[in-house]
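Novice: First, the structure itself, so that you have it in front of you.
The values are calculated or read from the model by the stated rules, or taken from the named source; none is laboratory data. As the structure is a prediction and not an experimental result, all values here were calculated from the model. Backbone-built Cβ (ideal geometry, glycine too); neighbour counts: all protein chains shown. When the accessible area is computed, the model is the full protein with side chains, heavy atoms only, and any ligands, DNA or RNA have been set aside. Shrake-Rupley method; radii C 1.70, N 1.55, O 1.52, S 1.80 Å.
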Amino acid sequence: MVDLFVDRVLVKNNKDQDELDTEREIVTRLQNRLLMLFFASAESETCQRFAPTLHDFFKQLTDEFYVERSAQLVLLYISLDQSEEELENFLKELPKKSLFLAYEDPYRRCLETMFDVREVPTVVVLRPDCSVLIPNAVEEITRMGPDCYRNWHEAAELIDRNFLNKEDFEDKSMRSFSDPVRRLKYKKKKKQRRGWGAGGDEGEEAGVGRADDKDGGGSMW
């Protein structure tokens, strides 16, 4: 998806509206992430009603109050507003961590045509390779809320080991993906020690526990 925006200027929806205008900044923000292109217009009552739902959806997946680490998810507002004032007003309804294209950027309309947007609101979900995962996720977001992110994540085959719900993070029984391999190696070593007549199994097992801790815990996926 970086290819779609590498030569564009993306604007942060913060107070200063900081710009991401270098290739390095764009790549850092978009690479290896799912991208939500939110096509909407402030004059649409349906968009106005959906905006708080989208705001909460995105916040619950990226705000540290809800998750230990942010999901690999980017929200980009593609304004179909009739004026810059409408765009600015609608941005107030969107998360501060979201991005947008400036009103004067004609690329907004190019994207509308590219993704065949025929109604608003529309949320096009893109895989990291720019292919379309969900043509319009509005109904799914409204019906399932943040739970649908797991489906997107699995369908995109995206490795997202940084994303942990707080309750998952607190689960002390979690192991890393390589844990079964280490367990198998441990069993083989244990049999070898028994063959040599060595003792200390209890101490060795405790050592494996410490190795797991160094490996960084586990992933909800």
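Novice: Leu158 accessible area, nearest 10 Å², 1.4 Å probe?
Specialist: Roll a 1.4 Å probe over it and Leu158 shows about 10 Å².
Novice: Given the alpha-carbon gyration tensor of the stretch 3-171, what are the semi-axes of its equivalent ellipsoid in whole angstrom, ordered largest first, with each equal to the square root of 5 times an eigenvalue?
Specialist: Semi-axes (√(5λ), whole Å): 24, 18, 16.
Novice: Could you give the dipole magnitude of the stretch 3-171 about its Cα centre, charging the beta-carbon of Lys and Arg +1 and that of Asp and Glu -1, in debye to the nearest 20?
Specialist: 200 debye
Novice: Using a simple charge model, +1 on the beta-carbon of Lys and Arg, -1 on the beta-carbon of Asp and Glu, nothing else, what dipole does the stretch 36-97 show about its Cα centre, in debye to the nearest 20?
Specialist: 340 debye
Novice: Let me ask something else about it. With +1 assigned to the C-beta of every Lys and Arg and -1 to the C-beta of every Asp and Glu, and no other charges, what is the dipole magnitude of the stretch 1-51 about the Cα centre in debye, to the nearest 20?
Specialist: It comes to approximately 260 debye.
Novice: Once all Cα-Cα distances of the stretch 48-101 are split into 10 Å bins that start at 0, what whole-number percent is in each one?
Specialist: Histogram of Cα-Cα distances, whole percents per bin: 24, 51, 21, 4.
Novice: Distance in nm between label sites at Tyr107 and Glu139, each 7 Å beyond Cα in the beta-carbon direction?
Specialist: Here the answer is 3.1 nm between the modelled labels.
Novice: Under 8 Å for C-alpha pairs, at least 6 residues apart: give me the relative contact order for the stretch 28-164, rounded to a whole percent.
Specialist: 34 percent
Novice: Working with all protein chains in place, sort Arg118, Arg29, Arg143, Arg69 by solvent-accessible area computed with a 1.4 Å probe, largest first.
Specialist: Ranked from most to least accessible, the order is Arg118, Arg143, Arg69, Arg29.
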